[in-house]
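Peer 1: Sharing a structure with you now.
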Amino acid sequence: MRRLVIPILIILAFVLETKVRVLGIGPSLSVMLVYFVGLRYGHLKGLGFGVAVGALTDAVAGNYLGPALLGKATVGYLAQYLRKGLFIWTPVLGVIGLAAFTALDALISYLSIVLFFESPTTAGRAAFIIIIQALFNAAFGLFITPGEEDPDAEP
């Protein structure tokens, strides 16, 4: 049963991303899942999960394979640094971290599309979308916490 939770959450995130709109902008719920896995289970699982979700996102979007993959893989890998770095975990750090990683994912995706293909929108509009998505996801950062054990520790 536990193995079905993550695939169900991925499907639910993709469905809600298309249905929920704030100011005409959809949230980036899949980044929350990647952030959670990277934070809770470590670098390698976060990276692998980010690659899988990013590739799935790119495949569903139907345009280019790579921008979402690169952004979500980066988020999955770097999320562990909030736990292991210089910071003491607090809910405020979770809010700031999720907002920052949401913005990082969107920025990497946008810049890779602009650099390698054609600009889908203006830089101002892209910045507005990134800020709205980061603010939307930030509220959920209160509820995403790292686990108790260190996932990268040797057994």
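Peer 1: Can you find, within the range 1-31, the residue that is modelled with the lowest pLDDT among those that are in contact with a Ser or Thr (Cβ under 8 Å, 6 or more places away or on another chain) and part of a helix (DSSP H, G or I)?
Peer 2: Per the stated criteria, the residue is E17.
Peer 1: Also, I was wondering about something else. Let me confirm something: among V92, V53, which residue is surrounded by 20 or more Cβ atoms within 10 Å (Cβ to Cβ) and assigned to a helix (DSSP H, G or I)?
Peer 2: Just one listed residue meets the conditions, V53.
Peer 1: Do we find a residue being under 12 Å from the mean Cα position of the chain (by Cα) and over 18 Å from Q133 (Cβ atoms) anywhere in the range 12-34?
Peer 2: Filtering the range 12-34 for residues under 12 Å from the mean Cα position of the chain (by Cα) gives 13, 27-34.
Next cut, over 18 Å from Q133 (Cβ atoms) only: none.
There is no residue in the range 12-34 that is under 12 Å from the mean Cα position of the chain (by Cα) and over 18 Å from Q133 (Cβ atoms).
Peer 1: Given the criteria without any contact (Cβ under 8 Å) to a residue 40 or more places away in the chain, in a helix (DSSP H, G or I) and within 18 Å of V37 (Cβ to Cβ), does A126 qualify?
Peer 2: no
Peer 1: Quick check: is even one residue across the range 64-72 among the hydroxyl-bearing types (S, T, Y), out of contact with any strand residue (DSSP E or B) (no Cβ under 7 Å at 6 or more places or on another chain) and in a helix (DSSP H, G or I)?
Peer 2: no
The values are calculated or read from the model by the stated rules, or taken from the named source; none is laboratory data. Source: prediction; values computed, not measured. Here the Cβ is made from the backbone with ideal geometry for all residues, glycine too, and neighbour counts use every protein chain on show.
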